[in-house]
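The values are calculated or read from the model by the stated rules, or taken from the named source; none is laboratory data. Note that this is a predicted model, so its numbers are computed, not measured. Cβ placement follows ideal geometry from the backbone for every residue including glycine, while neighbour counts extend to all protein chains displayed.
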Amino acid sequence: MCKPASTLILAAAIFLLPTEHAVSAVCKKAVLDGPRTLETVCDGGACAVYQVGAAGVTNLGFGGTDPDIISFEFWSLDDTPLDTGTFDLGSGDNANYISCRECILVFQDMQNDVAQKTFFQTAGSITIDGNTVPGAGPDVGLTWSNVTLAEVTLNPDTAESTLVSDGDCYTIVPDPVFVNGFET
C-alpha cells in the first residue's frame, strides 16, 4: 500500500529519518492538547490517520502562536492488517517515514495549510490498546512513552526525509496520552 500524495501535500515537509544521524540531546518539552479526530481510513482498513489539533485553529504549543497539528498515522505497507500492541518508534521500519507502520508527525505553525516546520519520531514507543485497532472505528486508545520528535525535511517526490542539521526537537511529557481514545 503506498502512502497517498495527499498525506505528502499536507505535510509539505514530511520526512524519512536516516538512523545514522544523531538528535540533539537537549529538546524542548511539549504537552498535548486540542481536538482529536479520525481523519482518514483507507479502503480495506490498510491505513488510519488520527489528528490532534485543527488546521487554522489550534495552537498546541509547538513553535509560535500559529496552529499546530499532530498526526498519528498507521500504515499497512505490505497488505498486512493494522495491529495493536507496543511498537518501537525509533528503529527498524519506524525509523523513517517512507517505511513506518506506526508514525507520529508534528506540523508546527501552519500557515495557509503549510507547516513552517515538520517533526518526526526518533525515539520512544507507542502502545495501541488491543480493543481499538486503528481504522476499525473513530476511537483509538494510544499511549506513548519517551517520545522524541526531531525536525526534518521531506523530498516531495520520494517521501525520503532528512534530519535538519541543528534543527529543533521535542520530548513529549507526560508519558501516557490518549488513554481514553480519540473523539469523533
**Message:** Among the listed residues D83, D78, identify the single one that is under 22 Å from E160 (Cβ atoms) and not in a strand (DSSP E or B).
**Reply:** D78
**Request:** Those residues that are buried (at least 21 other Cβ atoms within 10 Å of the Cβ) and among the hydrophobic types (A, V, I, L, M, F, W, C), I need them from the stretch 62-81; list them, please.
**Result:** F62, I69, I70, F72, F74, W75
**Asked** So T86 fits all but one of (1) under 16 Å from L142 (Cβ atoms); (2) buried (at least 21 other Cβ atoms within 10 Å of the Cβ); (3) out of contact with any helix residue (DSSP H, G or I) (no Cβ under 6 Å at 6 or more places or on another chain); (4) modelled with pLDDT of 85 or more; what number is the exception?
**Response** (2)
**Message:** Where the second residue is outside any loop (DSSP other than H, G, I, E, B) and charged (D, E, K, R) and the first is under 18 Å from T40 (Cα atoms) and in contact (Cβ under 8 Å) with a residue 60 or more places away in the chain and lies in the stretch 74-95, which pairs have Cβ atoms under 7 Å and are six or more apart or on separate chains?
**Reply:** F74/E102
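Could you count how many residues in the stretch 109-122 are over 12 Å from the mean Cα position of the chain (by Cα) and part of a strand (DSSP E or B)?
Count: 7.
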